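Below: one structure, written as structure tokens.
Coordinate-derived values only; no laboratory data. Remember, predicted model here, so these are calculated numbers, not experimental data. Counting neighbours? That spans all protein chains shown, and the Cβs are built from the backbone with ideal geometry, glycine included.
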Amino acid sequence: MVSEYNGGYRMKDKPITEYILLGALMSGPMHGYEILRFLDADLGWTWRVSTSQLYALLKRLESGGLVTSAMESQDTRPSKRVFSLNTSGKKKFMEWLKQPSSYVRDLRTEFLAKIFFFRKLSVKGSPVLVYDQIKVLESVRERFVKLRKEELDHYKRMVFGFKTATLNGWLDWLEKEAVSFAKEIETNL
């Protein structure tokens, strides 16, 4: 995965899961169980991570220079590893947060997580993200409509029709629900 624009669409340089973990740590240092509890309580309806996946991802984020960790001793329990976001991790997260999702398949997890973090972290700019997301999806829809018109194979036309209908559903939801939610976030900051 490359971190550059390709035909107007941003390509991911990290899996969504890593950005979500960076977002969880924006609230402050946490140990693994606290991160899992935070994610389950706040994002459990849209996103999940297993315990083993969590620790592997945290290790990758640490070796990538975005997270630091330290052992914290406890009086009556075994020591625990506490993870903290460093300046590079915060910068990387904020860059990701403000970019619309390039891939329709990522909207359910990535876009909803971004809107969640705008609200949870009291970050300004959620309406801009929503409007940028609408523009991206409108552009993708136009491309599918054009491809459908040009396609001779009936099955492929049907597939483009399905993709267009899916995009119409997302656009309808963005305009009816996400716009007002983002404006409410902004008003409450």
If you put +1 on each Lys and Arg Cβ and -1 on each Asp and Glu Cβ, how big is the dipole of the chain around its Cα centre, in Debye rounded to 20? 240 debye
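Would you kindly state how much longer the chain becomes between R37 and R157 on full extension, computed as 0.36 nm times their sequence separation minus their alpha carbon distance, in nm to one decimal? Present the calculation step by step, with values, prior to reporting the outcome.
On the way: separation 120, 0.36 × 120 = 43.20 nm, distance 4.47 nm.
Full extension from R37 to R157 adds 38.7 nm.
Starting from the Cα coordinates of the range 23-119, work out the convex hull volume and express it per residue in Å³.
113 Å³
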Only helical DSSP H runs with n ≥ 4 go in: add -39500 (n - 2.57) per run for the chain, normalise by residue count and round the 222 nm mean residue ellipticity to 500 deg cm²/dmol. -18500 deg cm²/dmol
If the limit is 22 Å between Cα atoms, which of K59/K91; K14/K80; K14/K146; K59/K90; K114/K183; K98/K149 go over it? K14/K80; K14/K146; K98/K149
I need to check one value: relative contact order of the range 12-103, counting alpha carbon pairs closer than 8 Å and at least 6 residues apart, in percent. 33 percent
Taking R0 as 45 Å, what's the FRET efficiency between S63 and S139 from their Cβ-Cβ distance, rounded to 0.05? 0.80
So for the chain, averaging the separation of alpha carbon pairs under 8 Å that are six or more residues apart and normalising by length, what relative contact order in percent results? 18 percent
Short to long, in 5 Å steps from zero, the percent of alpha-carbon pairs of the chain per bin is 1, 7, 15, 17, 17, 14, 11, 8, 5, 3, 1, 1, 0, 0, 0
For T68, T51, T76, what's the fewest-to-most ordering of other Cβ within 10 Å of each Cβ? T76, T51, T68
Counting other beta carbons within 10 Å of each Cβ, put S79, S73, S102 in order, fewest first. S73, S79, S102
Run the simple label-point estimate for T76 and E184 please: 7 Å along Cα→C-beta, distance reported in nm. 4.2 nm
Fewest to most neighbouring Cβ within 10 Å: what's the order for K114, K176? K176, K114
In Å³ and rounded to a whole number, note down the convex hull volume per residue for the Cα atoms of the range 57-104. 112 Å³
